[in-house]
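Written out below as structure tokens is the structure these notes cover.
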Amino acid sequence: MYELSRVRLYSIGPAGARYADTVLDLRGVGRLVPDPAPTQAEFFEEEPVGPPRRPAPAGVLFLENGGGKSVLLKLIFSVMLPGHRNTLGGASSGVLRKFLLADDCGHVALEWQHVQTGECVVVGKVSEWRGRQVSGDPRKFAEAWYSFRPGPGLTLDNLPVAEATAVRAPVEGASGAQGRRRTMKGFRDALTEAGKAYPHLEVHWEEIHDRWIEHLGDLGLDPELFRYQREMNADEGEAAGLFAVKKDSDFTDLLLRAVTDTRDTDGLADLVGGFGNKLGRRAELMAERDFTAGSVDLLGRIVEAAEARTRARDVHTAAERRTRNLARRLTARGAQERVRAGDLAQRVTAAAYAVTHAESARDRSNLIAAELAYRHASLALTGAEKAAAAQKRELAEARTLHSAWQAAEAVLRHRAAADRVARVSAAIQEAERDAAPALAARAKAAVALVRTLHAAAGKAEHHANEEEARSAALQEAGDAAHRDSTTAATEAQRARSEAGHLRQRLTEVEQETAEAVRAGWLDDSAPDADPARAALAASDAEKTTVAAWDTARETAGRATEHAREAAAAESRAELTAARAADAATAAERAHEAERRTAEALAAEERLAELLGLAEARPGIPQPRRDADRDDRAAARTAADGALTPEELDRFADELRELLDATVSSAERQLFDLRTAAADDSRILGALGDGGLLPPGPDVLATVEFLGEHGIPALPGWRYLAQAVDPADHARVLAARPRAGRRRDHHRPGLAHPGPRGPRRRGPAAALRRRRGHRRRPPRPRPGPRVRHRRRLPRTAEPGHARRAGRRRGAARAARAGGRAGRGDPRPRRPARQGP
């Protein structure tokens, strides 16, 4: 049931009571909605506050006379009761047409809210004049009705009545429609586009009255209620006037009009006639009712019994079907378990082979790692030895250079002193020789001056010798170098003071000499022979010698540092050499261990036989080895005739090819055995557990051979099946011997056939205990040996252990299965069929 929530009127109404864009809002003031449905609000709509509420149950509209109260009711009823006959206030056809002007496109939209879920539905009406001209012809007055469920995309507030519609809800007193008004066609197009864009709106458009009334009924809005409302408000009075009837016929008419359709009275007449006929046949119908009730009771019992029988039959059928399904599943499960057991055995075998292969790969990796470590250590030792030799050569050169610099210092000092003495002596002699012609007084003065200078030079030379001795002492004592250098600086300063005094005195001498020359007492033809200048030259030579001594001392210091660095490098080289020696020792030990392993492998005589080297091996040239380490091994190898590790390494490729060929052959044989075992399993499964198996190919061949020689024979299983009672099978089998492995012993008797009776062969009952276990193929007879490639011994083949383990496991499983099937706790050997 729905309640009116809002009413919107747009551009409709007479001139005195015209509604431009009016909304009557009755929402949110009633009771709470008991079961609210989820709703999706608009994007710009405000969040609802609190739970949803129903609309107001009643409302009061205060308007003056002619203000539009009746117009509002007429417009609402024109939506819910279309047609001019249902117009409020009479059946005048021009009432609604007076509400529209020539340019108007009037809209009346009603929003209804469900009282239980709160869901809303909007129904409305749009009308306009065709051609935009007011006319008295009702055919030019166009009307249409529409409905939709408000939601995102279209609501009552943003109806596309104008070309521009506000997105947000309009404020109170303002219209949300802006721009030019749309025509009926434009409004319909906009509504249709919105329905296509938003399918949840469920837009519906109608232009026929009857279809619109049916659509209102589908939406849950009953137009009949509004017909009662229209009749109660016909004279704008109270509703009691509708029920004020004067006689029973009036009330009957009112009731019939309320419950029947006045347009279809034939149905009512048929209903009344049918009811009258039933009243006339009441006694007959009551007797028929009693008979039918009794029949129904009895038939109900029959039906219940039939249903019980059907249920029991269904239960029996279902039980039988389940039993059959269970049997089939158990059979399939047994086959699957047998296949799974075989797969698990194969997996165990494959795992064992993988473990063996991994161990061999690990051993080979260890050998490779040891060889790489040995070579790396050898290279490191060689590099360390070369580095140590280079360091030793550099150390020797440094020591030689240091000794040379130490000797050069003394030589330079001696040479400098001798040069100074020679120059000073030459200068003095030359000065004496030049001063001889001078006057006696000047000569005497000159001689005294020269003597004084000679004495000063001797003192300086003596002082220089003392300084050289002190510097040598400082070189020998390194810890007292700073103190000696300070003393040397002090003495040098004193020497410089004396040298300055001597320069001053020399200047004076030069002045006196110049005066003597001007006076003619001395000859100035040889200026280089001046003793003063010779003294100055000697002083300069001393300075040069001191500078050279300082340079030599610095060079000696650098040589000492270089010697220390060389000593540290030598220590590091010795440490590296020691480490390399340890690594070489470890590598040598690993090599010895690997060599012993190779010798153990090469000691197998089968390898030499395969390679054909048992006789030709002594002639093969062997590599050179250490006498103290390999003489004993070589003697042992030569004595027992086995391969040497070098030969084993040389023939490794051939042995690997032989091994690959052996593995391939073993895998093919294993595949054949598995195929034959699978065939045997299928045959055993098809024959069941009776113990009578079909004869093998060798049995059939024997029977055929006996038949060709005139000896009638039957396979054992056929003889037992045809001539022996099943209870006596075990006794007959125990009484008849089996050839087994002594088949070759009986073959000579077959070459001389005679008159003998029928023979029988024992059944292959033991084969069931050996399921999957094939007889091993006969070993080849020994023949002439070939000296080229031969097969490896069975114990050396990689798959030998795997096949042996598989045969032993299959034999144990077969024996266990045979004992479990026959209740025999004793182990039985697999028996062969024999004649």
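The values are calculated or read from the model by the stated rules, or taken from the named source; none is laboratory data. Not measured: the values here are computed from a predicted model. Ideal geometry is used to build each Cβ from the backbone, glycine not excepted, and the neighbour counts take in all protein chains shown.
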Any residue at all in the stretch 302-313 that's closer than 30 Å to Arg674 by Cα and exposed (fewer than 11 other Cβ atoms within 10 Å of the Cβ)? no
Subset of the stretch 178-234, residues free of Cβ contacts under 8 Å to residues at least 12 places away in the same chain, surrounded by fewer than 16 Cβ atoms within 10 Å (Cβ to Cβ) and either charged (D, E, K, R) or in a helix (DSSP H, G or I) (or both), comes to Lys185, Asp189, Glu193, Lys196, Pro199, Asp210, Arg211, Glu214, Gly217, Asp218, Asp222, Leu225
Whether any residue in the stretch 394-406 is surrounded by 11 or more Cβ atoms within 10 Å (Cβ to Cβ), in the same structural domain as Glu461 (by TED's automatic domain parsing) and β-branched (Val, Ile, Thr) is what I want to check. no
Would you check if Ala614 is more than 22 Å from Ala416 (Cβ to Cβ), modelled with pLDDT under 70, surrounded by fewer than 17 Cβ atoms within 10 Å (Cβ to Cβ) and not charged (D, E, K, R)? yes
Within the stretch 126-138, is there a residue that is surrounded by 14 or more Cβ atoms within 10 Å (Cβ to Cβ), modelled with pLDDT of 90 or more and under 22 Å from Arg230 (Cα atoms)? yes
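Table: residues versus (1) in the same structural domain as Cys120 (by TED's automatic domain parsing); (2) modelled with pLDDT under 80; (3) surrounded by fewer than 16 Cβ atoms within 10 Å (Cβ to Cβ).
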| site | (1), (2), (3) |
| --- | --- |
| Gly50 | yes, yes, yes |
| Leu63 | yes, no, yes |
| Phe77 | yes, no, no |
| Gly83 | yes, yes, yes |
| Ala91 | yes, yes, yes |
Return only the number of the condition from (1) under 24 Å from Arg27 (Cα atoms); (2) modelled with pLDDT under 90 that Glu224 does not satisfy. (1)
Check every one of the helices (runs of 4 or more DSSP H) wholly within the stretch 693-738 and list those with 3 or more residues that are surrounded by 16 or more Cβ atoms within 10 Å (Cβ to Cβ) and modelled with pLDDT of 75 or more. 697-708
So for the stretch 317-329 (the condition being in contact with a Ser or Thr (Cβ under 7 Å, 6 or more places away or on another chain) and either assigned to a helix (DSSP H, G or I) or farther than 30 Å from Thr675 by Cβ (or both)), does at least one residue qualify? no
Selection count, the stretch 183-216, where residues are in contact with a helix residue (DSSP H, G or I) (Cβ under 7 Å, 6 or more places away or on another chain) and not acidic (Asp, Glu): 8
